[in-house]
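Novice: Dropping a structure here in structure tokens format, bear with me for questions.
The values are calculated or read from the model by the stated rules, or taken from the named source; none is laboratory data. All figures in this text were calculated on a predicted structure; none of them were measured in a lab. Positions of Cβ are backbone-derived with ideal geometry, glycine not excepted, and every protein chain shown enters the neighbour counts.
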Amino acid sequence: MNCKEKKLLFWFDFWAFNLFFVDLLNLEVKNIWINNHFLKYMLENLNNEKIISGIKENGYSVIENFYDKKDLDFLKNSFIQSLNYIHKSNETDLRKKYYEIKKFNPKLKSHFYDLMTRDINMLKMIHCEPIINLVKEFFNTKVLFSGRPAIHVHDKENDKLLDAHQETNQIARDIILFWCPLSDTNEQNGGLTIYPGSHKNGYLEHSLEHPLLKDKAWTKNYTHIKEDKLKDYKKENLEVKAGSVVLAHSALVHSGYPLKDKDHVRFVITERFNPLDKIPFLKKEDASLKIPYVGVDYNKITE
């Protein structure tokens, strides 16, 4: 921590200390969030206007170093404890522990993947006030819904990558995708591919059948856009530092690019923030909670 940051934190602590005593004097003090890391970030770094402008113009924006090493280590440790519940060992490296469990019992490894969407430690990190307030401001709403928190785990097999797609099958038509890697993403570690500006043309037709594996794909909902519909777009492989957050509009075309480091495992935490807007489920009696992947013209959903 540099001198500037220390000085800033000193004044934040001083401010919080004084507010505490104001409360003791029975004066009304509301919504005091005393968390040094997030306070520092909100007031020094988080520029909502710039981030929102980036999402509107490019379809995405990157908030650099939103979480620090302490935050990431805390979450990694939470994952390690769950993996240790499957098969206990002294391994403290998340990547090595993952491969240990994959070798021990691949089915239980998949159970871990499904259960971590309910890890309160992860949800607390994702559902933090700066991010929630930013997304509310973007959509000009006071109400948000959690669409699908998840972890994405990509190992040396690169068999869980999705082809180019948009973030559909959500409660609302338009949502914000939250994407945060727990380690640096780059050419060796793989990462997120985006098609800048593709969101401006609305939602494209998707298919659920894997273009190569067909019905033998790892998921029955292999949502993707056929290649011939992407010829007018340029793609870019993002290099995102661990703890940085990508916020993307649901209509932004994106995919994953593979890792090359055979010892690496890419853990990414994600969420889909749904605003109280364009939700068929609250307007039509026969509507499903989530809008189907296919068979619906997303561009015609207006309420």
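Novice: Residues that are more than 30 Å from Ile80 (Cβ to Cβ), small (Gly, Ala, Ser) and touching a His at 6+ places or on another chain (Cβ under 6 Å): which strands (runs of 3 or more DSSP E) entirely in region 192-303 hold 1 or more of them? Let's see the steps before the verdict.
Specialist: Numbers: elements: 245-249, 254-257, 266-275.
Hits in region 192-303: none.
Novice: Next question, about the same structure. Within region 199-258, which residues are hydrophobic (A, V, I, L, M, F, W, C), loosely packed, with under 12 Cβ neighbours inside 10 Å and touching a helix residue (DSSP H, G or I) at 6+ places or on another chain (Cβ under 8 Å)?
Specialist: The answer is none; no residue qualifies.
Novice: Next question, about the same structure. List pairs: first in region 84-98 and of a type in the set (Val, Ile, Thr), second modelled with pLDDT of 95 or more and in a helix (DSSP H, G or I), Cβ under 9 Å, 6+ apart or cross-chain?
Specialist: From region 84-98, the pairs are Ile86/Ile101; Ile86/Phe104; Ile86/Leu108; Ile86/Lys109; Ile86/His111; Ile86/Phe112; Thr92/Asn77; Thr92/Ile80.
Novice: Which residues, counting only those in region 86-107, are farther than 21 Å from Asp184 by Cα, surrounded by 15 or more Cβ atoms within 10 Å (Cβ to Cβ) and either out of contact with any helix residue (DSSP H, G or I) (no Cβ under 6 Å at 6 or more places or on another chain) or not β-branched (Val, Ile, Thr) (or both)?
Specialist: His87, Glu91, Glu100, Lys102
Novice: Yes or no: Lys160 in a loop (DSSP other than H, G, I, E, B) and either surrounded by fewer than 20 Cβ atoms within 10 Å (Cβ to Cβ) or in contact (Cβ under 8 Å) with a residue 40 or more places away in the chain (or both)?
Specialist: Yes: the conditions hold for Lys160.
Novice: A follow-up question, please. Quick check, is Ser183 within 29 Å of Lys283 (Cβ to Cβ) and either of a type in the set (Phe, Trp, Tyr) or touching a residue at least 40 places away in the same chain (Cβ under 8 Å) (or both)? Before the answer, list the steps.
Specialist: Working: within 29 Å of Lys283 (Cβ to Cβ): no; either of a type in the set (Phe, Trp, Tyr) or touching a residue at least 40 places away in the same chain (Cβ under 8 Å) (or both): yes.
Against the criterion (within 29 Å of Lys283 (Cβ to Cβ) and either of a type in the set (Phe, Trp, Tyr) or touching a residue at least 40 places away in the same chain (Cβ under 8 Å) (or both)), Ser183 does not qualify.
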